[in-house]
1. LEU140 fails exactly one of the following numbered conditions: (1) within 16 Å of the ligand (Cβ to nearest atom); (2) surrounded by fewer than 21 Cβ atoms within 10 Å (Cβ to Cβ). What is the number of that condition?
2. Filter the stretch 199-216 down to residues that are within 14 Å of the ligand (Cβ to nearest atom) and under 23 Å from PHE265 (Cβ atoms), then give me how many there are.
3. Pull up the stretch 172-192, narrow it to residues that are more than 18 Å from ASN100 (Cα to Cα) and away from the ligand (no atom under 16 Å from the Cβ), then point me to the one that is nearest to the chain's Cα centre (by Cα).
4. Evaluate the following for PHE132: is it modelled with pLDDT of 95 or more and either out of contact with any strand residue (DSSP E or B) (no Cβ under 8 Å at 6 or more places or on another chain) or assigned to a helix (DSSP H, G or I) (or both)?
5. Please name all residue pairs, on different chains or six or more residues apart, with Cβ atoms under 8 Å, provided the first residue is in the stretch 270-295 and is in the same structural domain as GLY338 (by TED's automatic domain parsing) and at pLDDT 95 or above and the second residue is among the aromatic types (Phe, Trp, Tyr) and in a strand (DSSP E or B).
6. So, of the residues in the stretch 222-233 that are within 13 Å of GLU185 (Cβ to Cβ) and not small (Gly, Ala, Ser), which turns out to be nearest to the ligand (Cβ to nearest atom)?
7. Does the stretch 147-157 contain at least one residue that is away from the ligand (no atom under 16 Å from the Cβ), surrounded by fewer than 24 Cβ atoms within 10 Å (Cβ to Cβ) and more than 30 Å from ALA43 (Cα to Cα)?
8. State all residues of the stretch 281-302 that are assigned to a loop (DSSP other than H, G, I, E, B) and more than 20 Å from the chain's Cα centre (by Cα); if no residue qualifies, say none.
Amino acid sequence: MSQPDYSGGLSLAEAQALVGDREIHRMSSNENPVGTSQAAVDAMVAAAQGISIYPPRTDAHLRSQIADLHNVDAAHVYTGLAGCEVIELAYRALTAAGDNFIVCPPTFGLYYLMAKRYDLTLKEVPLLPDTFALDIDGILAAIDDKTRFVIVINPNNPSGTYTTDTEYKALLDRLPEHVIVMADEVYFQFVSAPDYPATTDLIRNGANIIRIQSFAKAYGMAGLRLGYGIAPPQIAEQMRGLMRPFHVNSIALQGASAALGDTAFVAKTVASNEMGKDYLYGALDAIDVRYWKTEANFIMVECPVSSAEMTDRLLHKGVMVRDPKDAVIPNCIRVTVGTQVQNEAFVAALTVILGELKGN
Ligand SMILES: Cc1ncc(COP(=O)(O)O)c(C=O)c1O
């Protein structure tokens, strides 16, 4: 089984080429099935009308809106062209060849790319079996003088499980000062668990954490490529120092600004996700398929065959899901919580495939 990668999975056109004319439900990239805030779309269309003009030289206005949302000073905030760049800026600014960092598989493939690109050693400390909780002792034991980051994806992609406030504090309390926690929280809006950690409060109080956010998920703007980080002020300043003048384009600045103002859209997205989760939990229980309760907008589902085989079988029944390609979970796929139509299509396809496998 290979390491997870970040090739991003098949595009709809590539999938369509494989399966011909049949309708395909795209439940592979954790995109927002509700779409995008209409206010944001309107703002982007208006910005496009003025695209002959340069954007403001800095993102100061957007940063102050983000700071208000999270109740921090704008000095803590930096933006980047999507969550991926927000993460990469931290690698560019804060690592040197030969350093190392810790990931906790099953995990998000981008971090493997960062190790290659920046000539770093990636140390794997798998999440604990079954519960997918952090192995805090294992993480602490893996840290040495050259460790720069511990990556804590919360809720985790692809398991959908989460790290509690208590677990977070247990890690931070024993973390050496030279190590930064990369709190990758791009799915945080979907969380309902009451003991989810308030990392921004920890950062405000001086913790060595960089919190990663994206407009791709709850804001439904995966195609826009915008994200932001919340970090100790000196780190955020270093990141802003890496940005080119006019780094964020006018359409993204206007769209993101309007999206931040449309809290009703995010609430609608979260409500749709909750409904979808409830439906999928019930339907998977009914066909006796194991899954993990999720705090995100996707569910990890166990299969009687390899993740690669199940992903392929589902695609040929018109449902795109993600093969996490993670050695820790060779028999699990990740399915995005979709519209009711998509969720039903997934369950129907899975039911047929399980029947076919039993018949074999
Ligand atoms: C855990 C995690 N972090 C970061 C990202 C990157 O987000 P973006 O699409 O904004 O680059 C993703 C995207 O799927 C993700 O799942």
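The values are calculated or read from the model by the stated rules, or taken from the named source; none is laboratory data. As the structure is a computational prediction, the values presented were derived from the model and not from experiment. When we count neighbours, we look across all protein chains shown, and the Cβ atoms used for this are built from the backbone with ideal geometry, even at glycine.
1. Looking at each condition in turn, LEU140 falls short on (1).
2. Counting residues in the stretch 199-216 that are within 14 Å of the ligand (Cβ to nearest atom) and under 23 Å from PHE265 (Cβ atoms) gives 6.
3. In the first step, residues of the stretch 172-192 are kept if they are more than 18 Å from ASN100 (Cα to Cα); the result is 172-174, 185-192.
If we keep only those that are away from the ligand (no atom under 16 Å from the Cβ) too, we end up with 172-174, 192.
On the way: LEU172: 22, ASP173: 26, ARG174: 26, SER192: 16 Å.
Filtering the stretch 172-192 for residues that are more than 18 Å from ASN100 (Cα to Cα) and away from the ligand (no atom under 16 Å from the Cβ), the one nearest to the chain's Cα centre (by Cα) comes out as SER192.
4. Details: modelled with pLDDT of 95 or more: yes; either out of contact with any strand residue (DSSP E or B) (no Cβ under 8 Å at 6 or more places or on another chain) or assigned to a helix (DSSP H, G or I) (or both): yes.
Considered against the rule, which asks whether it is modelled with pLDDT of 95 or more and either out of contact with any strand residue (DSSP E or B) (no Cβ under 8 Å at 6 or more places or on another chain) or assigned to a helix (DSSP H, G or I) (or both), PHE132 comes out as yes.
5. If the second residue must be among the aromatic types (Phe, Trp, Tyr) and in a strand (DSSP E or B), the pairs left are LEU280/TYR291; TYR281/TYR291; LEU284/TYR291.
6. Among them, the one singled out is TYR228.
7. Looking only at the stretch 147-157, we keep the residues that are away from the ligand (no atom under 16 Å from the Cβ), and these are 147-148.
Among the residues that remain, those that are also surrounded by fewer than 24 Cβ atoms within 10 Å (Cβ to Cβ) are: 147-148.
If we keep only those that are more than 30 Å from ALA43 (Cα to Cα) as well, we get 147-148.
The answer is yes, given that some residue of the stretch 147-157 is away from the ligand (no atom under 16 Å from the Cβ), surrounded by fewer than 24 Cβ atoms within 10 Å (Cβ to Cβ) and more than 30 Å from ALA43 (Cα to Cα).
8. Taking the stretch 281-302 as the starting set, the residues that turn out to be assigned to a loop (DSSP other than H, G, I, E, B) are 287-290, 292-297.
Passing the criteria: ILE287, ASP288, VAL289, ARG290.
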